[in-house]
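Step one of this worksheet: look at the structure below.
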Amino acid sequence: MKDRFQIIGASEIAGIVKEYSANLFAENLISETISQKLEAMPNYLETRYSLGKKLMLDREQFKRFNDFTNNKAMSRGKEMEEAVKDNYFNLNRSYDEITESQTEKDKIIKNCKFPFRATIDYILSNNSILECKTTDISQWFKIENDGLPFNYYIQAQAQLWLHEKETCEVHIAGVKTINKEHEILDSKTFKVGLDTKMVRALTASLIWFSAEFEKGTLFNKDEADKTKKDKQIDEFLALEKGTLELPIESNLSVKLARLKYLEEAKKEYEKLDKEIKEQVKQSMKDYKFARFKSNRFEIEAKYSNESYHDETSINEAIEKAKLMTVGDVKSVKKLTIKY
């Protein structure tokens with residue numbers, strides 16, 4: 001199975017739909033009941049902040065992030081998929097056979113920057129999808145009381161949409177784990193049919209997310225409002241700062257010398273940057289402040305009323321910045337670009 005580098009997955013979209021739910025309801029794309037179900041979904045889902053930052057990672061960072069976030073629930077799900085599938089067939093006494101497994105489908109959506117992908121566990125001979133899920137048996141009461149978690153319902157809708165199917169069987173197993181040994185103690189199957197109105201809501205949410213990503217507004221989030229997912233990506237990026245990967249066969253003396261040089265250069269830069277900022281702060285008191293953020297860099301324009309909001313003006317700003325020196329501060333010209 002391919003990785004989801006710079007791709008939005010079906011399991012990630014629920015949190016984005018939740019954040020956009022008020023707009024979806026206002027535009028009559030979802031009912032009040034669906035809006036309430038979206039709002040009631042757990043806070044451990046992806047947010048536009050966490051997903052946006054994840055989509056900014058390069059391929060090597062993306063691989064390291066997947067290792068960094070590999071938790072017990074994810075490991076259990078992978079390890080138990082075959083057992084949950086067998087449990088489904090035993091419980092439902094189904095005569096259907098598996099015709100495909102781990103099938104991926106991508107969709108390019110107009111006005112959405114990133115491809116959308118849905119990977120399904122199995123396709124059955126009756127042309128329906130079988131999706132296998134696990135939960136800790138201590139949380140099984142939630143399945144009994146509330147039924148199918150709504151984020152699973154949204155994932156199933158994405159799978160049905162991209163794979164052009166009408167029915168998805170979501171089979172959830174309550175698992176007890178002792179000393180890394182898993183045992184299924186209970187299970188339940190939920191049948192989900194294609195909901196075209198929800199598909200329109202998914203499409204609208206993806207387009208909204210992409211627009212916010214392009215504008216750079218995804219990352220304006222107070223620390224107090226950050227979820228577990230938000231803090232997780234922040235923690236990973238903090239660990240990534242100042243790290244240097246050394247291949248086993250590399251010449252360590254050369255690498256360490258280069259690292260020492262970079263550290264010294266960084267100190268000099270920070271010292272100079274501090275001096276510039278102080279001069280700018282004193283000379284820019286009466287000037288307006290404009291900021292632009294994108295997925296690649298941040299621009300602060302403190303010398304005029306200008307703001308940079310499109311590719312052309314951003315590139316012009318970059319070229320202008322390259323030509324500036326510390327002396328330019330005296331004539332009230334300062335541009336900072338953070339990559």
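Here is how the numbers come out for the structure above:
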quantity: Enumerated strands (runs of 3 or more DSSP E) restricted to the range 96-195, each holding at least 1 residues that are free of Cβ contacts under 8 Å to residues at least 40 places away in the same chain; calculated: 98-107, 116-124, 167-178, 181-193
quantity: Filter result for GLY52 (touching a helix residue (DSSP H, G or I) at 6+ places or on another chain (Cβ under 9 Å), closer than 22 Å to PHE190 by Cα, surrounded by 12 or more Cβ atoms within 10 Å (Cβ to Cβ) and not charged (D, E, K, R)); calculated: no
quantity: Subset of the range 1-41 [exposed (fewer than 14 other Cβ atoms within 10 Å of the Cβ) and at pLDDT 90 or above]; calculated: ALA22, ALA26, GLU27, ASN28, SER31, GLU32, THR33, GLN36, GLU39, ALA40
quantity: Check on ILE120, farther than 25 Å from THR203 by Cα and aliphatic (A, V, I, L, M); calculated: no
quantity: Complete set of residues in the range 143-177 that are more than 19 Å from MET74 (Cα to Cα) and surrounded by fewer than 19 Cβ atoms within 10 Å (Cβ to Cβ); calculated: GLU144, ASN145, ASP146, GLY147, GLU164, LYS165, GLU166, THR167
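The values are calculated or read from the model by the stated rules, or taken from the named source; none is laboratory data. Source: prediction; values computed, not measured. No Cβ is skipped: glycine too gets one built from the backbone with ideal geometry, and neighbour counts run over all protein chains shown.
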